[in-house]
Structures are given as structure tokens and as C-alpha cells.
1. Looking at the structure I just gave you, is B:ARG70 of a type in the set (D, E, K, R) and within 14 Å of another protein chain (Cβ to nearest Cβ)?
2. Pull up segment B:145-167, narrow it to residues that are in contact with a Pro (Cβ under 8 Å, 6 or more places away or on another chain) and not aliphatic (A, V, I, L, M), then point me to the one that is modelled with the highest pLDDT.
3. Enumerate the pairs (first residue in segment B:123-144 and not assigned by TED's automatic domain parsing to the domain that holds B:ALA37; second residue anywhere and part of a helix (DSSP H, G or I) and basic (Lys, Arg)) with beta-carbon separation below 6 Å, excluding pairs fewer than 6 apart on the same chain, so at least 6 apart or on different chains.
4. Mind checking which residues of segment A:1-18 are open to solvent by less than 80 Å² (accessible area, probe 1.4 Å), within 7 Å of another protein chain (Cβ to nearest Cβ) and either modelled with pLDDT of 85 or more or not in a helix (DSSP H, G or I) (or both)?
5. Of the conditions (1) at pLDDT 90 or above; (2) closer than 18 Å to B:LEU42 by Cα; (3) open to solvent by 40 Å² or more (accessible area, probe 1.4 Å), B:PHE171 clears all except one; give me its number.
6. Mind checking whether some residue in segment A:117-127 is surrounded by 10 or more Cβ atoms within 10 Å (Cβ to Cβ), modelled with pLDDT under 70 and in a helix (DSSP H, G or I)?
7. Could you tell me whether segment B:20-39 includes any residue that is open to solvent by less than 10 Å² (accessible area, probe 1.4 Å) and in contact (Cβ under 8 Å) with a residue 60 or more places away in the chain?
8. How many residues does segment A:19-43 hold that are modelled with pLDDT of 90 or more, open to solvent by 40 Å² or more (accessible area, probe 1.4 Å) and facing another protein chain (nearest Cβ under 7 Å)?
Amino acid sequence: MRRIHESDATVDSGRDPELAAALAVLDPASGDPNYWFRFGSWVLSGAARELSRRRLGARLTVGDVLESWARALVPTAALVAALAAMLLLRGDPVGEALPIGVEELLVSEIEGSTIPARISNVTFAAEGF
Amino acid sequence: MSIITSETPSDAELVRRARKGEEVAFGLLVRRYQRPAYAVALSVTNRHEDAEDAAQESFLVALDRLDECRSPERFGGWLMTIVRNRSKNLVRRESLRDMDELPPGTRSRIPTPDRTAEAAELRGMLRQALGELPEVQRQVVLLHDLEGWKHREIADRLDLPCGTVRSHLHFARKALRAALRKVPGIPDLMRVAQ
């Protein structure tokens, strides 16, 4: 008895073969090998509605959105950076910047009459009375 | 029968996927725990039809409440708690209704073919012997010697200390062996079962 007690209570020696054989008759699959398949099918058919609700209810989280952005943004940024690096390394001048003074810049693009000259040709409404 | 191997997805992974409504993931959880759930339900109800009802309904309840499972890696233990509670409720309802004993298989959703008379006799004896054990001992011996769970797995999922599991297993086995020895011709019946 002591030997049995020690083997049961201190080490996990697995199933007791004699008891396991006897208890096997309590398994519904004994004599009906498809029992557990049908059991699972029954549960899944009962769960179909809730599973469908969960699929429909699955909403995008902020994390999901950021992740999807990052997925598109990171390769694009990498591509742009690579192109920029290529252009810089080629050293192809885009066009030399010409030195130009501020005053020249202010007047060089103005064509035609200046504002006071235009104003002299206008009859203001107040002068008509 | 240790079900979880390194190649199969963990409970936590399956729970995460099932929360999003993935049928395959939930199906794997059902397949992984249907037998232990039935064993625990049987240990409470001691009747096939009730155990089947309780185990199946427990999976549906678990799916409904999946977001409440705070430790998905401990899904098994959480499910077993649901199974135990559903089974106890079922027994309570049945006792309130004071139902007559129905012939086996009449209420089962899953019809099972007739089995041999000898196996039926052994089943009856075992149920009687199991019925005389405390509930926790029935759970431990069924999970260990019917489902093949290790002491550690049972301790984790029933939330019991490992030493307590060993002790329950020892006393349950002792009682079952004694009960089976009293029955004349039981070795023959056990050969039938094998």
C-alpha cells in the first residue's frame, strides 16, 4: 500500500493502465470514432452567429491605421531618399544661381507704368459731382 | 496526452484570433479542449447527456465572454471554471425539476450507436464508483487517467496546488480500484473495454 501511495503521490508516472482501460468506456468516442468530430461541428454551428458578429464588429484601431500608413510611407520615403542621394552623388548642376541684388530684384520684373502714372488717368467717383 | 506542442499555436494566439471572429482559431480551441471539458462536466453531472450539454454550452458561453478572459494564455483553466459552473447549474436545475432518469442517449444531441452490453455494464459500475468520490477527485482522476493530463496541467487548469492534485489522484484511484475489485468478472469487462 505504501509503495502505491508513493508512486501515486510523488511522481507523475502517467496513466494507470488498468484504470485507464476501464475509464475508456466513459469516453463517448469508444465505439463511435466520429463522436468528437460531431461534437466540434455542433459547437461551431452554434458559434457561427457570434463569430460572424465578431468579424463584422472588428474595427480598425488607431494603431492599425498608423501601421497601414507606416507600411506605405516607409518604402516611399526610402525610395525618395535613395533618389536624392543619387542626384547628390552625380553632382549634376541643376543651374547656377546668379548673384542678384535686392534692389535689382525689386525692379527688374516690373514692366509698364508705375502706380502713380495709372492713377492720373482715373476719374474718381467723387470728382464727378 | 499533452496536446500543446511547439508547432501548434498557443492558447493565447488562438484566443486573440477567435476574438476577431476567426472560425479556424475557435475550432482549434474546441478541438483542444472538448475532451477535458467533457471529462470535467462528467465529473460534476455523472451523466453523459448532461455532460455533453454542459460542455457544449460552455464553449458557446466562453466565446460570448471571450473578451473577459484576462489571461488568454490560461484559457484552459478559465474554460474549465465555466464548465464546472455550467455543470453545477445544470445539476441544480435537473434536481429542481426532479426529472425521471432517462435512458442513456435519449436526450443527447449527438446520437451514439449502441454499444456492447458488457461495456454498458462497466460504464454503469464506474459511474456508481465515481459518484461516491468527492467532485474534485472525480475531476482529477478523469483528467489524468481518461484524458492523460499531467499533474502540472491539472494543477494549472483546476487552480490547485500540484501536491493536492497528487493526493486527490491517489485517493480517487484507490477508491476506484477497490470498487472495481468488488465486482465479479471486472477483469473480463476491462478487457472488453480495451
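The values are calculated or read from the model by the stated rules, or taken from the named source; none is laboratory data. As the structure is a prediction and not an experimental result, all values here were calculated from the model. Every residue, glycine as well, gets a Cβ built from its backbone with ideal geometry; the counts of neighbours run over all protein chains shown. Heavy atoms of the whole protein, side chains included, go into the accessibility calculation; ligands, DNA and RNA do not. Shrake-Rupley method; radii C 1.70, N 1.55, O 1.52, S 1.80 Å.
1. Values: of a type in the set (D, E, K, R): yes; within 14 Å of another protein chain (Cβ to nearest Cβ): no.
No, not satisfied.
2. B:TRP149
3. Hits for this filter: B:LEU130/B:ARG138.
4. Passing the criteria: A:ASP12, A:ASP16.
5. Failing condition for B:PHE171: (2).
6. Taking segment A:117-127 as the starting set, the residues that turn out to be surrounded by 10 or more Cβ atoms within 10 Å (Cβ to Cβ) are A:118-119.
Within this subset, residues satisfying the condition of being modelled with pLDDT under 70 are A:118-119.
So of that shortlist, the ones also in a helix (DSSP H, G or I) come out as A:118-119.
Yes, there is a match, as at least one residue in segment A:117-127 is surrounded by 10 or more Cβ atoms within 10 Å (Cβ to Cβ), modelled with pLDDT under 70 and in a helix (DSSP H, G or I).
7. yes
8. Number satisfying all stated conditions: 2.
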